[in-house]
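Chemist: Once you've had a glance at the structure underneath, I'll fire off some questions.
The values are calculated or read from the model by the stated rules, or taken from the named source; none is laboratory data. Small disclaimer: the values here were computed from a predicted structure and weren't measured. Cβ sites come from the backbone with ideal geometry, for glycine too, and all protein chains shown count toward neighbours. With ligands, DNA and RNA removed, areas are computed over all heavy atoms of the protein, side chains included. Shrake-Rupley method; radii C 1.70, N 1.55, O 1.52, S 1.80 Å.
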Amino acid sequence: QVQMVESGGGLVQTGGSLRLSCAASGRSVSGYGMGWFRQAPGKERDIVAAINWSGGGTYYAESVKGRFTISRDNDKNTVYLQMNSLKPEDTAVYYCATHILGRLAISISEYDYWGQGTQVTVSK
């Protein structure tokens, strides 16, 4: 089992920045793929960004491309999401997840372990 805990969410104005962190425990996730997802009220959970086990492969949803950056520090067993130029449409609960195969994955069904989520609210 892997436990994942997100942190770094909060309230920010349009154009501001936040960095989300997700610390994994229970076992090393250095060989696992990682992803960030978000779910706004009344909407389905969607992929935001994904990263493969080494950090050499990444994926971004079109809506966040150029603004968000996913990264990982395998020595710290942690994945990050740097969010810049935030917009009100980015308001959502953000979840981190991991899957044991390690490859780049963008589908919810591919992920094995999930964090509890952290709220990001962007005001106008």
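Chemist: Could you say which residue among THR98, THR69 is part of a strand (DSSP E or B), buried (at least 19 other Cβ atoms within 10 Å of the Cβ) and of a type in the set (S, T, N, Q)?
Modeler: Values: THR69 fails: buried (at least 19 other Cβ atoms within 10 Å of the Cβ).
Just one listed residue meets the conditions, THR98.
Chemist: Output the number of the condition that ARG19 fails; it satisfies all remaining conditions of (1) at pLDDT 95 or above; (2) in a loop (DSSP other than H, G, I, E, B); (3) among the basic types (Lys, Arg).
Modeler: (2)
Chemist: Suppose the filter is touching a residue at least 12 places away in the same chain (Cβ under 8 Å) and open to solvent by 70 Å² or more (accessible area, probe 1.4 Å); does LEU86 pass it? Don't jump to the end; show me each part of the working.
Modeler: On the way: touching a residue at least 12 places away in the same chain (Cβ under 8 Å): yes; open to solvent by 70 Å² or more (accessible area, probe 1.4 Å): no.
Spelling it out, it is not the case that LEU86 is touching a residue at least 12 places away in the same chain (Cβ under 8 Å) and open to solvent by 70 Å² or more (accessible area, probe 1.4 Å).
Chemist: For residues that are among the basic types (Lys, Arg) and under 23 Å from SER123 (Cβ atoms), scanning just region 16-44, find the one that is surrounded by the most Cβ atoms within 10 Å (Cβ to Cβ).
Modeler: Once the filter is applied, the top-ranked residue is ARG38.
Chemist: Counting only residues that are hydroxyl-bearing (Ser, Thr, Tyr) and farther than 18 Å from TYR94 by Cα, which one in region 31-79 is nearest to the chain's Cα centre (by Cα)?
Modeler: Our first condition is that a residue be hydroxyl-bearing (Ser, Thr, Tyr); within region 31-79, this holds for 32, 54, 58-60, 63, 69, 71, 78.
Within this subset, residues satisfying the condition of being farther than 18 Å from TYR94 by Cα are 32, 54.
Values: TYR32: 14, SER54: 16 Å.
This residue is TYR32.
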